[in-house]
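Before any comments, here is the structure.
What follows is calculated from the coordinates using simple rules that are stated; it is not laboratory data. It should be emphasised that the depicted structure is a prediction, and the values quoted were computed from it without experimental measurement. So basically every Cβ, Gly included, is an ideal-geometry build from the backbone, and we count neighbours across all protein chains shown.
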Amino acid sequence: MNLKYFHTDISRHIWETKYRFHNGDVIHDQTIEDTWWRIAKSLANAENNEKKYWAQKFFDELKGFRFIPGGRIQAGAGTGHQVTLLNCFVMGTIQDSMESIFDSLKEGALTMQQGGGVGFDFSTLRPHGSLAKATGTIASGPISFMRIWDSMCATLLSTGARRGAMMATLRCDHPDIEEFISAKQDNNELRNFNLSVLVTDEFINAIQNDEDWQLVFPISNADDKGQHQTVMRQWSGEVRPTTCRIFKTINARNLWDKIMHATYEYAEPGVLFIDRINDQNNLWYKENISATNPCGEIPLPAYGACDLGAINLTHFVKHPYTEDSYIDLNGIKETTTVATRMLDNVIDVSKFPLPQQKQQALNCRRIGLGFTGLADALIMLGLDYGKQSSRDTAVDIMKTICYTAYYTSINLAEEKEVFPSFKRDEYLAGGFIRSLPKDIKSKIKKHGIRNSHLITIAPTGTTSILANNISSGIEPVFDFSFSRKVLELDGNYKNYQLKDYAYSLWETMKNKDASLPHQFVTAKMLSPKEHLKMQAALQPYVDNAISKTINVPEDFPYEEFQSLYMLAFKNNLKGCTTYRPNLITGSILS
């Protein structure tokens, strides 16, 4: 099984079915080392000089899963296939016309065909039952069109394409928001979508003050403006506030309660605090964001893309399970420096499904460097995920990655050039940039920066299994021994028995029959607030966002559940997603 790198059957299976390069019966990657060399050489081709030197540096970081690039990078780099190396995209603004709607559908299909997940904001589509003046017809509303996207995704899956992922967002003041909230409560509806409500600060204030809330939609025809009650709102796809017709007035707390009950009972929709996302956006001066990639870790403008990679923290724990254990921050710095350069190069060697996506990526050079294996690393250090000491250690790690990535990007700007959309004064005035150390800001002022955004924490679900089943992303360990359903090449699911990486290491190093020490905690042993506290602790050092699912016990009281989302808002998170066991969504893990 090539035990040098693969310790489990499922890890090798993931490599063989998802990332090993072969054309039909011709196998190009004989070993996982061949895969790492393929990726390293491909990304080194973006270098102007010393390609062999950088290929070796890149290989050294990839070797043994020290740095784990996003799945599309691993599957596509150096293959010559017409595929994108970017994991996910947010699609362009859907204009409220039949032609634009189906153009957007086509763009989404082409993007998913090449392996990219997609996010869409449907807030620009007029509400159900309203009159389309140009044709005299009645609009069917955004939910009806979402069903067409859902069918498209299912059709692509049936052709053997990579499993699709889509995110749909809708503003909290759209007239069809109540239908959107309940859209996935039918087990047959919109199964290929994740849903998130775009929650504004104004809506939060209305909830807190128990005020009325107006559901509105932009007026497209100037002649209509005198016929209806109107209000000014900053709307999706618009540069500045626009005149909106008031369709309906409801109680803000009642609407919030509908969102909360749906999430409590059905695990959807999630919530995105969209004003905070835009206020903290490094490119606030040129973007109005209203959607994210399917897992929520990268808020993106129209045609924006996710260029993802994760540092495997388990590699940097020295002397695990001893009194001398520590996290090697200097090693993390070295890996961060090389990984930042690798992800920057991905932009130059990748194919793009659409020219608008390529232009957006080249203009901003957004990347998303993060980590995976946090929970396992904490266990190996003797730290309990739910305690303050764990959060302090995680902050030290995240701060190291963030600041090192920013210094590296500044150096890359000196060596290569700044990203084209960089405007020094405006960039330095951004909310996140103002929070950086003085030295970083002064260097940005002097030299500029190569990448508009640098940091994220992605789910890393499949790639973490590839790396011998380390804990994924920021998440606590699901369980130390469990079964997982994996999609096979024939379209069927197969059950694999897994052991957590840190648990397996403990069994190897210690007596198998000895009771586990205190730090061996699982997701279900932690309170929802302990989940949320970890996310909140790291958000100040993440310029994109964090993909985190807060596990909620089935018997968790609704009143306490509801307060989690307000706590997330007060803790300056960009969004919140919870999972409470329910009959509709089921579970991949058991």
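Just check the range 379-459 against the gyration tensor rule for me: Cα atoms, a ≥ b ≥ c as the square roots of the eigenvalues, rounded for a/c under 1.5, and otherwise prolate or oblate depending on whether a/b exceeds b/c.
The shape class here is prolate.
Relative contact order for the range 409-547: what is it in percent, counting Cα pairs under 8 Å that are at least 6 residues apart?
Reported relative contact order: 25 percent.
Using every alpha carbon pair in the chain, what percent of pairs falls into each 20 Å bin from 0 up to the bin containing the largest distance?
Pair shares across the bins are 20, 56, 22, 1.
Out of the range 507-590, which trypsin sites (Lys or Arg not before Pro) are coil in DSSP terms and have no more than 10 other C-beta atoms within 10 Å?
Here the trypsin sites (Lys or Arg not before Pro) that fit, given the DSSP loop and packing criteria, are 512.
Using Cα pairs closer than 8 Å and at least 6 residues apart in sequence, work out the relative contact order for the chain, in percent.
Rounded, it is 15 percent for the chain.
Under a Cβ-Cβ limit of 4.7 Å, which cysteines in the chain have nobody to pair with?
Isolated Cys, the chain: 153, 172, 244, 295, 364, 402, 576.
Give me the angle, in degrees from 0 to 90, between the Cα long axis of helix 142-158 and the longest principal axis of the Cα atoms of the chain, rounded to the nearest 10.
30 degrees
Please work out whether the range 159-307 counts as rounded, prolate or oblate from its C-alpha gyration tensor, where a ≥ b ≥ c are the square roots of the eigenvalues and a/c under 1.5 means rounded, while otherwise a/b larger than b/c means prolate and anything else oblate?
Here the range 159-307 falls in the oblate category.
Can you tell me how the range 235-327 classifies by the Cα gyration tensor, rounded, prolate or oblate, using a/c under 1.5 as the rounded cut?
Judged from the Cα gyration tensor, the range 235-327 comes out oblate (a/c at least 1.5, b/c at or above a/b).
In nm, give the distance between the simple-model label positions of residue 228 and residue 439, each being 7 Å from the Cα along the Cα-to-Cβ direction.
That separation, rounded to one decimal, is 5.6 nm.
Given the pairs 258/387; 18/494; 416/446; 51/416; 4/510, which are separated by over 23 angstrom at their Cα positions?
As for pairs spanning more than 23 Å Cα to Cα, those are 258/387.
Which residues among the range 250-269 fall inside the zone where the amide N is under 20 Å from a point 7 Å beyond the Cα of residue 566, along Cα→Cβ?
Residues 250-265, 269 qualify, since their backbone N sits under 20 Å from the label point.
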